[in-house]
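The values are calculated or read from the model by the stated rules, or taken from the named source; none is laboratory data. Quick caveat, the model's predicted, so the values are computed rather than measured. Cβ sites come from the backbone with ideal geometry, for glycine too, and all protein chains shown count toward neighbours. Accessible surface is based on the protein model in full, side chains and every heavy atom, while ligands, DNA and RNA are left aside. Shrake-Rupley method; radii C 1.70, N 1.55, O 1.52, S 1.80 Å.
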Amino acid sequence: MTTYNLALIGFGGVNRALATLIRDEPHRFAALGFELRVVAITDLAFGSLVQEEGIDLATVLAMPRGANFEGLRGGSSEPRNEEVIKNSPADIVVEATFTSPVDGEPAVSHVRWALAAGKHVVTTNKGPVALHGRELNALAKENSASFEYEGSVMSGTPVLRLAQKMFEGLQLKGVQGILNGTSNYVLGRMEAGLRLGEAIAEAQEHGYAEADPTADIGGSDVRLKVAILANELLGASLHPDEVDTIGIQEITSDQVAQALANGQRWKLIGEATRGTDGKITASVRPATLTADHPLAGISGATNAVSFETDLLGAVTVSGPGAGRTETAYALVSDIAAVDAFINGGVHV
Ligand SMILES: NC(=O)C1=CN([C@@H]2O[C@H](COP(=O)(O)OP(=O)(O)OC[C@H]3O[C@@H](n4cnc5c(N)ncnc54)[C@H](O)[C@@H]3O)[C@@H](O)[C@H]2O)C=CC1
Ligand SMILES: N[C@@H](CC=O)C(=O)O
């Protein structure tokens, strides 16, 4: 059976959930026809660790926050990201550091270094895809490497591959969705009477929120996702700055209660639409939806996206939009796509 060597860049909620799956559920990967070995980890907090024969995941997963890799063989308290990405014996670089909605860094550099070195990249980080997707896909092609990012939109729910594979022969006219788990969770908890700050703290505990949750609440997380959907599925060349964005930060508990009393729910809606002139316009804004709207019933960290098609009308997909293990699954599906790429199988 093929063994893929992984370098985990970022050892927070998502990559720790992936490491836990690799440690506890090797049969899941064996069923896909490969096994996974983590040969390197880097993280701002833990430093870096390289062990060619494979890192003992039980040991590193048991390390508390505040500890670092110095003292372990091949370990350092410095996060030597560039050295690890370029020189470790990893076949696949798993990028799950923090998302910058402004310039995508440091993740953009991580992805560039890996692809330029001919290493495959799987990532849940929206920044590189939304801000530099075209350039990075070209770099991947140039270096015969695979660049996979299913988890950049709607966590483990496979919206990108589903639309790319299953909507063949249809024309997509637009997409509209609830694309942020944290804000949707927060709005639901405000309906239950919590204050905004209390609800955000709960979302952080569940692992839904960004490192800086103003990205969730202020709409910049959805702006990146809308740009990705527009560029990947509608053939646009949209920069996230071109997506008019209003978040939910100004929505008050009174407004939430008032809407409920009127049979409505506040939702943060991201959309991209192809106009009659072919131009794609996109926006993110809060809206009150009546109960009969297909997105009104989407609660908690669940997300949903409606694809507006020419022959079927609206096709709506819903599923987890955030969560550590749910997002780690996106990486599993991306690694399976890398495997298919390497073996000349079906690859989107
Ligand atoms: N948690 C979720 O539900 C989802 C997360 N994502 C994305 O996945 C990525 C990871 O998310 P989480 O694991 O939840 O975040 P997290 O905040 O738990 O972990 C990120 C880790 O990256 C490390 N890090 C930050 N900058 C670094 C640098 N320059 N070098 C090395 N390490 C660095 C941090 O120390 C932290 O341990 C983010 O980009 C996020 O937007 C995407 C979909 C869903
Ligand atoms: N913080 C994001 C995580 C996934 O992208 C969210 O809440 O949706």
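For beta carbons closer than 6 Å, sequence separation of 6+ or different chains, a first residue in segment 204-225 that is over 16 Å from A130 (Cα atoms) and a second that is open to solvent by 50 Å² or more (accessible area, probe 1.4 Å) and in a loop (DSSP other than H, G, I, E, B), the qualifying pairs are A211/F98; I217/Q249; G218/Q249. Scanning segment 177-196 for residues that are within 16 Å of ligand 2 (Cβ to nearest atom) and either more than 23 Å from P240 (Cβ to Cβ) or open to solvent by 10 Å² or more (accessible area, probe 1.4 Å) (or both) returns Y185, G188, R189, M190, L196. Could you look through segment 257-274, keep only residues that are open to solvent by less than 60 Å² (accessible area, probe 1.4 Å) and within 13 Å of T290 (Cα to Cα), and pick out the one that is farthest from the chain's Cα centre (by Cα)? In this case the residue turns out to be G263. Residues that are of a type in the set (A, V, I, L, M, F, W, C), surrounded by fewer than 23 Cβ atoms within 10 Å (Cβ to Cβ) and at pLDDT 95 or above within segment 200-213 comprise I200, A201, listed in sequence order. Evaluate segment 289-307: report whether one residue or more is of a type in the set (D, E, K, R) and at pLDDT 95 or above. No, segment 289-307 has no match at all.
Restricting attention to segment 303-318, the residues that are more than 12 Å from ligand 1 (Cβ to nearest atom) and surrounded by 16 or more Cβ atoms within 10 Å (Cβ to Cβ) add up to 9.
Each row is one residue, and each column tells you yes or no for (1) within 15 Å of I335 (Cα to Cα); (2) assigned by TED's automatic domain parsing to the domain that holds S100; (3) within 25 Å of the chain's Cα centre (by Cα); (4) not in a strand (DSSP E or B).
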| residue | (1), (2), (3), (4) |
| --- | --- |
| A19 | yes, yes, yes, yes |
| R28 | yes, yes, yes, yes |
| A40 | no, yes, yes, no |
| E53 | no, yes, no, yes |
| T59 | no, yes, no, yes |
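Restricting to segment 291-314, give me the number of residues that are in a strand (DSSP E or B), without any contact (Cβ under 8 Å) to a residue 40 or more places away in the chain and closer than 16 Å to M154 by Cβ.
0
Of all residues in segment 137-162, those satisfying the criterion of being aliphatic (A, V, I, L, M), open to solvent by less than 10 Å² (accessible area, probe 1.4 Å) and away from ligand 1 (no atom under 13 Å from the Cβ) are A140, A145.
Tallying residues that are within 22 Å of P106 (Cβ to Cβ) and surrounded by fewer than 14 Cβ atoms within 10 Å (Cβ to Cβ) within segment 23-43 yields 0. Within segment 227-254, the set of residues being assigned to a helix (DSSP H, G or I), within 19 Å of Y185 (Cα to Cα) and in contact with a helix residue (DSSP H, G or I) (Cβ under 9 Å, 6 or more places away or on another chain) comprises just one member, S253. Answer with yes or no whether V108 is more than 25 Å from I200 (Cβ to Cβ), touching a residue at least 12 places away in the same chain (Cβ under 8 Å) and buried (at least 24 other Cβ atoms within 10 Å of the Cβ). For V108, the condition - more than 25 Å from I200 (Cβ to Cβ), touching a residue at least 12 places away in the same chain (Cβ under 8 Å) and buried (at least 24 other Cβ atoms within 10 Å of the Cβ) - is not met. Residue check: S76 meets all listed conditions (1) under 26 Å from the mean Cα position of the chain (by Cα); (2) at negative phi; (3) open to solvent by less than 60 Å² (accessible area, probe 1.4 Å) but one, namely (1).
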